[in-house]
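Structure first, then comments.
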């Protein structure tokens, strides 16, 4: 069964450092999502791509976060500089398309700890 | 602002019993609802969905009920098994929108 791949699974970094996460969606899925999940809470959408275009980044802290999906396939989420409050699980998900809501398939996530 | 929330943060049930997990939503414009299951260390996994033109939908051992009058969603799990232990999230999509908003989650404990 096809899965969403994410790496690394765990990342520990010091505050003010840069960190990057990678996601490879299920083949053929046009829509890719990055979520942040704080322990005990539901995922919060950071950015949504349709192919290589951003369709929603209203909750992305753009002063320190950036995301790209240059060829419309895999994607990278970057934080620079990292802050203590960025410690969370970062989840990537993909779905067939954005023409109406579709089931989202989630990767295993990257757990970030900022010290 | 609009939000999706859950009544109970934890639920403990005996193995073999039925489980009911509740969710309240406040956005009357939402027309698509989803339940996800998240096991420890994993990403959320789709369980079942329902559109606002329905009030009940059944899957394998799971049933979702939607009451639009009181903006309430529930997930029923029949014959709960230890493997059902997880955090369950309800989520909603607004009509014509593609952004999914998740609630805070309910942790289900299944006692053997």
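None of the figures in this text is laboratory data; all of them are computed from the coordinates on show. These numbers were taken from a predicted model, which means no experiment stands behind them. Here the Cβ is made from the backbone with ideal geometry for all residues, glycine too, and neighbour counts use every protein chain on show.
Observations on the model:
- Chain B - share of DSSP beta bridges that are antiparallel (%, nearest 5): 90
- Only Cα pairs under 8 Å and 6+ residues apart enter the sum, and on that basis the relative contact order of chain A stands at 37 percent.
- Per residue of B:100-108, other chain Cβ atoms within 10 Å of the residue Cβ number 4 on average.
- Alpha-carbon centroid distance for the pair segment A:1-73 / segment B:64-112, whole angstrom: 24
- Among B:12, B:40, B:74: highest mean-square fluctuation, GNM of chain B, C-alpha pairs under 10 Å: B:40
- Shielding by partners for peptide A:43-56, expressed as the average number of C-beta atoms from other protein chains within 10 Å of each residue's C-beta, is 2.
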